[in-house]
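Contents: one structure, followed by commentary.
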Amino acid sequence: MAGCKITTWNVNSVRTRESHVANFLTAEQPDLLLLQEIKCEEHQFPALAFQSLGYECAIVGQKSYNGVAILHRIPAEVTCKKLPGMTEADAHSRYIEVRAAGLTIGNLYLPNGNSGGDAGYAYKLEWMAALRARAATLMAEDVDFVLAGDYNVCPTDADFAPRALPANDALIRPETRSAFNALLWTGLTDALRALHPSETLYTFWDYQAGAWDRNTGLRIDHALLSPRTAERLSTVTIHKGERGRTQPSDHVPVSVELE
């Protein structure tokens, strides 16, 4: 079985960050780049720029908000364009799944949960329950898989800087963490914590309040691996330097390499 490098990145508008993405592809050459919050419809996506670098594009877009895409330089077949189990009334573009390199790879942009009041938070928990059910289904089918993306969850207090979030923030509420733990309990491994169990590592720094300069960050971008996939894990890299660029996303890429 060949090795595989999978990177996840909430790019916070792919059209704004097109050159950053292109430079990253050239420098890092992931086999698959999972993008979240592309903030455009499929016809607006700068696919030609990435195709010129050897990457095909699988896109689930949405006007101005949300949206996910997978750029791949190896063969990949799209298997889902919506998270199974979510109601048809869910109009948000937040999930795409492909089959590539002997793996099922789900790219997700989980709801933040802080807007929309009680209904907005209930939607986050509904989404997390559906994701857990998807993981359980793949596990029951004995599929090797990766579920990666912007989870909008800080799993523990070690995953956010002191005083970076209020106690009632949706990213750290007890119900959120319980739902994330339930996902792990299906048998998944948090790739970064498997290799870096106690380091202070963040993947997001807000644009406000000097968060980047003061390193007031959050770890909310995760890659969760099924058991056999976790056995192949060799490295996890947070590409922190991307946050220091001109006009950066507030998230940085996270790469997982499998042997």
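Laboratory data are not the source of any read-out in this text; all were calculated from the coordinates shown. What you see is a predicted model; the values in this text were computed from it and never measured. Cβ atoms come from the backbone with ideal geometry, glycine included; neighbour counts cover every protein chain shown.
Across all Cα pairs in the range 4-258, the calculated P(r) in 10 Å bins from zero up to the longest distance comes to 7, 33, 40, 19, 1 percent per bin.
Quantify how much of the Cα-Cα distance distribution of the range 62-190 extends past 24 Å, in percent. It would help to have the intermediate numbers written out before the result.
Working: 2510 of 8256 pairs.
The answer is 30 percent, as a whole percent.
Under DSSP H, which helices of the chain have Cα atoms covering 18 Å or more of the helix axis and a Kyte-Doolittle average no less than -0.5?
Once both thresholds are applied, what remains is 117-140.
Of the chymotrypsin sites (Phe, Trp or Tyr not before Pro) found in the range 202-252, the ones in coil according to DSSP and having at most 13 other Cβ atoms within 10 Å of their Cβ are Y207.
If the viscosity is 0.890 mPa s and the temperature 25 °C, what Stokes-Einstein diffusion coefficient in µm²/s follows for the range 1-137 when Rh is the Kirkwood radius over Cα pairs?
In µm²/s, the coefficient is 159.
On the basis of the beta-carbon distance and an R0 of 25 Å, E175 and T87 show a calculated FRET efficiency of 0.80.
Dipole orientation for the range 1-102: of the candidates L35, L83, A2, L35 has the Cα lying most toward the positive pole (charges on Cβ; Lys, Arg +1; Asp, Glu -1).
Take the Cα of E41, go 7 Å toward its beta carbon, and the backbone nitrogen atoms of the range 60-92 under 14 Å from that spot belong to 60-65. Return the loop-located chymotrypsin sites (Phe, Trp or Tyr not before Pro) in the range 12-78 (DSSP other than H, G, I, E, B) with at most 15 other Cβ atoms within 10 Å of their own Cβ; answer none if there are none. The qualifying sites are Y65. If R0 is taken as 45 Å, the Cβ-Cβ distance between Q51 and R163 corresponds to a FRET efficiency of 0.55. By the Kirkwood approach, averaging reciprocal distances over each pair of separate Cα atoms, the range 125-203 gets a hydrodynamic radius of 13.7 Å. The gain in end-to-end length when the R232 to D142 segment is fully stretched comes to 30.8 nm, 0.36 nm per residue minus the alpha carbon separation. Put in line by how crowded their Cβ is, counting other Cβ atoms within 10 Å and starting with the fewest, M86, M139, M128 read M139, M86, M128. When E97, E42, E231 are sorted by how many other C-beta atoms sit within 10 angstrom of their C-beta, beginning with the fewest, the order is E231, E42, E97. Across all Cα pairs in the range 173-259, the calculated P(r) in 5 Å bins from zero up to the longest distance comes to 3, 13, 21, 20, 19, 14, 8, 3, 0 percent per bin. From the Cα gyration tensor of the range 187-233, with a ≥ b ≥ c the square roots of its eigenvalues, which class applies: rounded if a/c is under 1.5, or else prolate if a/b is larger than b/c, or else oblate? It comes out prolate by the Cα gyration axes. Among V78, V153, V11, the residue with the largest mean-square fluctuation in a Gaussian network model of the chain, with springs joining Cα atoms closer than 10 Å, is V78. Using θ = phi - 60° in the Karplus curve 6.51 cos²θ - 1.76 cosθ + 1.60, the 3J(HN,Hα) couplings for the range 206-215 round to 4, 6, 8, 6, x, 4, 5, 5, 9, 6 Hz; x is entered for Gly and Pro. Full extension of the chain between L184 and T200 gives 3.7 nm of extra length, using 0.36 nm per residue less the Cα-Cα distance. Of all DSSP beta bridges confined to the range 4-258, the antiparallel ones make up roughly 80%. Compared with the direct C-alpha span, the chain from R245 to E126 gains 39.3 nm at full extension, assuming 0.36 nm per residue.
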